[in-house]
Structures are given as C-alpha cells and as structure tokens.
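Take a look at the structure set out below.
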Amino acid sequence: TRSFHEGWSEGLSMASPPQLTQAQARDAALKATSIFEEPGNAATIQKVYAEAGGDIGKFFMMCIPAVIGVLAPILVEYGFSGDQPGALAFAAELEKHSGADPDIMAAKNKLKARFMPAAAPPADEGCD
C-alpha cells in the first residue's frame, strides 16, 4: 500500500507547463477570449453567473469551474491541462508576454475578469 504522502509527491512531479512563444501566446490569448463569445458558451457562462447571484462562495464553486470548462479546449490545444492548474499556468504565460503585446495584455485582462467576481467589495471594506 502507498501512503497519502507518496501519492501527493507523485502529483507534484508533473511535467512543467509549456512555454509559449510570443506568437503562440498571442494566438492562444485571442482564441481564449473569442471562445467565450460563441453563443453556446456565452449563454452557459451567463446562466452560471446569474445562478451565483453575486454570492462569493457560489461564484468560486460554480463560475470558476464553468469558465475553466469553456476554456479547457484552448488550454489543451496549447499543451496545458484543462483544469485550474492549467488555467493558472496559461495565465502566467500570458502575463509573461503581455508587456510586449497590447493584444495579449487586453486578452489577459478580459480573461482575468472572468475569474473575478464582478461585485467584489473593496479589500478594506469592514476593516474600520
């Protein structure tokens, strides 16, 4: 039998995420933003956001997995895993290239907004 820790350490030794070239990052960023504009995907995301109703807990339990689900085919196409770690690695690659390309920067910001609740209170609210 294997211990929990043996299984855990195997999960940590996964292959490194892909390193995108500037051109690949630009292509991937534009594809990633446009996939949300497809009617079926747009309707799915709007429905899930409406169901969450501004509740931060529901947002993280429902909306983020839905966004990653829509984004997964693009993630996989560029060699990332189609899950949350893959989405984070993809975001890091876009961040790496965004300073040199305004289109990547704009796409990165659009994607980032999908992972943030729209009506989040300011960080200092309630700290008086």
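The values are calculated or read from the model by the stated rules, or taken from the named source; none is laboratory data. Computed from a predicted structure; not experimentally measured. Every residue, glycine as well, gets a Cβ built from its backbone with ideal geometry; the counts of neighbours run over all protein chains shown. Surface areas here come from the heavy atoms of the whole protein model, side chains and all, with no ligands, DNA or RNA. Shrake-Rupley method; radii C 1.70, N 1.55, O 1.52, S 1.80 Å.
Structure summary
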| item | result |
| --- | --- |
| In sequence order, calculated HN-Hα J values of segment 38-48 (Karplus, 6.51, -1.76, 1.60; Hz; x Gly/Pro) | 5, x, x, 5, 4, 5, 4, 5, 4, 5, 5 |
| Portion, in percent, of the accessible area of segment 57-101 that falls on carbon or sulfur, probe 1.4 Å | 66 |
| Protection-proxy order for peptides 54-67, 79-92, each taking the mean of Cβ atoms within 10 Å per residue, highest first | 79-92, 54-67 |
| Global geometry of segment 12-108, whether rounded, prolate or oblate, following the gyration tensor of its Cα atoms and the 1.5 cut on a/c | prolate |
